[in-house]
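Reviewing the structure listed below.
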Amino acid sequence: MAIQCAAQEGFEISPRFRQTVEQRIARLEHDADSDEAQLDRLDDVDHIRRQMRLVAAQRAEALRMRLFLDRAKTRLPGPMIAL
């Protein structure tokens with residue numbers, strides 16, 4: 001029960017980590033589009049099936065990461081103090 005409540009409260013991530021995850025999502029979606037475009041060139045049924053599974057896995061991972069970012073709050077950078 002406590003774990004479920006903690007998951008609903010959310011958590012904070014650094015701006016740099018958020019940017020890294022966003023870049024990974026973009027690469028996954030781009031790769032999925034490219035791999036999907038290759039389907040027309042394939043003749044073997046098994047190869048087509050494997051390619052479709054690859055595209056589905058890439059899109060699922062991108063969605064999982066998007067959901068992660070939706071639940072996460074971006075931590076504000078600390079104040080810069082001149083010394």
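The values are calculated or read from the model by the stated rules, or taken from the named source; none is laboratory data. Predicted model only: the values in this text are computed from it and were never measured. Please note that ligands, DNA and RNA were not included when accessible areas were found on the heavy atoms of the full protein model with its side chains. Shrake-Rupley method; radii C 1.70, N 1.55, O 1.52, S 1.80 Å.
Note on residue 38 and residue 74: the extension gain reaches 9.3 nm, defined as 0.36 nm multiplied by sequence separation minus the Cα-Cα distance. Coupling constants for region 58-70 follow from the phi torsions by the Karplus curve (6.51 cos²θ - 1.76 cosθ + 1.60, θ = phi - 60°), and in residue order they are 5, 5, 5, 5, 5, 5, 4, 5, 5, 5, 4, 5, 5 Hz; glycine and proline get x. Across region 23-29, coupling constants 3J(HN,Hα) worked out from phi with the 6.51/-1.76/1.60 Karplus curve, θ = phi - 60°, read 5, 5, 4, 4, 5, 4, 5 Hz, and Gly and Pro carry x. Amide H contacts of residue 74 (H built 1.01 Å from N, in plane; Pro and chain starts excluded): 13 sit under 5 Å, all sequence-distant by 5 or more or on other chains. Taking the accessible area of region 12-83, probe 1.4 Å, and keeping the other protein chains in place, the carbon and sulfur fraction comes to 55%. In the full protein context, region 14-83 carries 82 Å² of accessible surface per residue, based on a 1.4 Å probe and ignoring ligands, DNA and RNA.
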